[in-house]
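Below is one structure, written out as structure tokens; comments come after it.
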Amino acid sequence: MGVALLFACAPAQSAHGQPEQGPQSTIEVWGTGEVETDPDRARIGIGVEVLRAESVEAARSRAARAMNAMLEALDEAQISDTDRMTTALRIQPEYAYEQGKRRLRGYTARHSLQVLVTDLSNVSNVVDGALSAGKDAARLGGISFELSDREAAESKARAAAVAQAKKRAEELAVAAGVQLGPAISIRETDGASGPRPPPMARAMMAEGDRSTPVATGQVRVEVRVQIVWAIRP
């Protein structure tokens with residue numbers, strides 16, 4: 001928390017004997033608002049990797065077969081084409097260096113895909129289906145949970161941040177023996193946000209389930225505001 005009280009000196013006299021307007025006395029306070037809520041969708045990174053293929057075409061072909069199998073699994077999981085996006089596609093040679101000489105070991109192909117899952121109960125099915133379809137070439141790049149309507153959570157966090165800042169400003173004004181005037185400026189800064197792990201028993205699937213267990217946790221949205229209030233004696 002940052003707090004600043006700035007008091008002006010007595011008004012200066014102009015050449016005509018009239019008081020000049022001096023700097024205004026202010027209180028500057030930070031407020032933080034935080035909202036934790038259940039996510040309603042997930043982004044999953046999946047892909048395929050083929051190592052040391054004998055040629056570029058062999059690497060491309062094996063990667064394409066594995067990725068097509070993954071895409072069929074996504075079809076079965078009812079993931080629409082608009083919720084899939086290729087994020088990386090590479091084919092490159094791999095070399096080994098022996099006694100100062102370069103030797104071609106083969107070609108590596110990588111194809112990465114980001115999948116948006118809007119039904120969280122389908123996450124394990126998507127992961128397991130894609131990895132099983134891609135077999136040994138399959139790769140899992142990670143998973144993140146998010147909110148489809150983040151603005152609603154930000155609005156709640158913003159209101160909480162302003163309320164906290166106002167409460168602190170009022171307490172400071174009372175402690176300093178001054179009166180709190182109107183807000184002069186308000187500035188919002190980026191706050192931290194991210195997943196918050198829930199209790200394992202609530203988040204994990206049943207122990208006997210053979211599917212991949214996934215813990216959704218909660219998404220934390222944080223907003224910080226800096227507000228400057230005028231004060232008067």
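For the reader, a short list of remarks on this structure follows.
- Estimated FRET transfer efficiency (Arg65, Ala215; beta-carbon r; R0 25 Å; 0.05): 0.15
- Each distinct pair of alpha carbons in the stretch 18-174 adds a 1/r term; the inverse of their mean, the Kirkwood radius, is 20.0 Å.
- Solvent exposure ordering (accessible area, 1.4 Å, most first) of Thr82, Thr32, Thr189: Thr82, Thr32, Thr189
- Local electrostatic count, Ala59, Cβ distance below 14 Å [Lys/Arg +1, Asp/Glu -1]: +3
- Residues Ile184 and Ser80, FRET efficiency given R0 of 41 Å [Cβ-Cβ distance, rounded to 0.05]: 0.25
- Straight-line reach from Lys135: taking Cα to Cα under 15 Å and skipping same-chain neighbours fewer than 8 places apart, the aspartates and glutamates in range are Glu49, Glu72.
- Solvent-accessible surface of protein heavy atoms, probed at 1.4 angstrom with all chains present, puts Lys166, Lys156 in the order Lys156, Lys166, largest first.
- Neighbours of Arg139, meaning other residues whose beta-carbon lies under 9 angstrom from its beta-carbon, give a summed charge of 0 when Lys and Arg score +1 and Asp and Glu score -1.
- Eligible lysines near Lys156 by straight Cα distance, threshold 19 Å, same-chain separation 8 or greater: Lys166, Lys167
- Kirkwood-type radius of the stretch 123-167, with distances r between different C-alpha atoms, in Å: 14.0 Å
- Formal net charge of residues neighbouring Tyr97 (Cβ-Cβ distance under 11 Å; K, R +1; D, E -1): +3
- Surface composition of the stretch 32-162: carbon and sulfur make up 45 percent of the accessible area, probe 1.4 Å.
- Computed E for Tyr95/Thr118 - FRET, C-beta separation, R0 41 angstrom, nearest 0.05: 0.45
- Sorted largest first, extent of the stretch 89-200 alpha carbons per principal axis (Å): 80, 45, 26
- Stretching Leu131 away from Glu151 to a fully extended chain increases their span by 3.8 nm, per 0.36 nm per residue minus the current alpha-carbon distance.
The values are calculated or read from the model by the stated rules, or taken from the named source; none is laboratory data. Computed from a predicted model, the values in this text were never measured in an experiment. Positions of Cβ are generated from backbone atoms using ideal geometry, with glycine treated the same way; all protein chains shown enter the neighbour counts. Note: areas computed on protein heavy atoms with side chains; ligands, DNA, RNA excluded. Shrake-Rupley method; radii C 1.70, N 1.55, O 1.52, S 1.80 Å.
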